[in-house]
1. Placing +1 at every Lys and Arg Cβ and -1 at every Asp and Glu Cβ, with all other atoms neutral, what dipole size does the chain have around its Cα centre, in debye to the nearest 20?
2. Place +1 on the Cβ of every Lys and Arg and -1 on the Cβ of every Asp and Glu in segment 4-57, take the dipole about the Cα centre, and give the residue among Asn27, Ile11, Cys42 whose Cα lies farthest towards its positive end.
3. In whole angstrom, and with the biggest value first, how far do the Cα coordinates of the chain range along each principal axis?
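Values in this text are rule-based calculations from the coordinates and carry no lab data. Quantities reported herein were computed from a predicted structural model and do not represent experimental measurements. FYI the Cβ positions are ideal-geometry reconstructions off the backbone, even for glycines, and counts take in every protein chain you see.
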Amino acid sequence: MALKIDAEKCIGCGACVSFCSDCFEMNDGGKAEVIAQKCDSCDLNDSPGICPVQAITV
Ligand code: SF4
């Protein structure tokens, strides 16, 4: 399993950071970045569904 964000698609809405701030954070360019491939706070398999522009893949 490899969690990825397509920076070309990301519109910086922050929904993924709201979903799990242990796995996602916003960078200085206003795009989301993956900071953990797994954690105890969320089910990452649900994360692609929360992105409005389908930028997240697992
Ligand atoms: S939910 Fe999608 S569009 Fe919004 S910040 Fe995260 S990766 Fe970017």
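1. The calculated dipole for the chain is roughly 140 debye.
2. Ile11
3. Over the chain, Cα extents along the principal axes are 27, 19, 17 Å.
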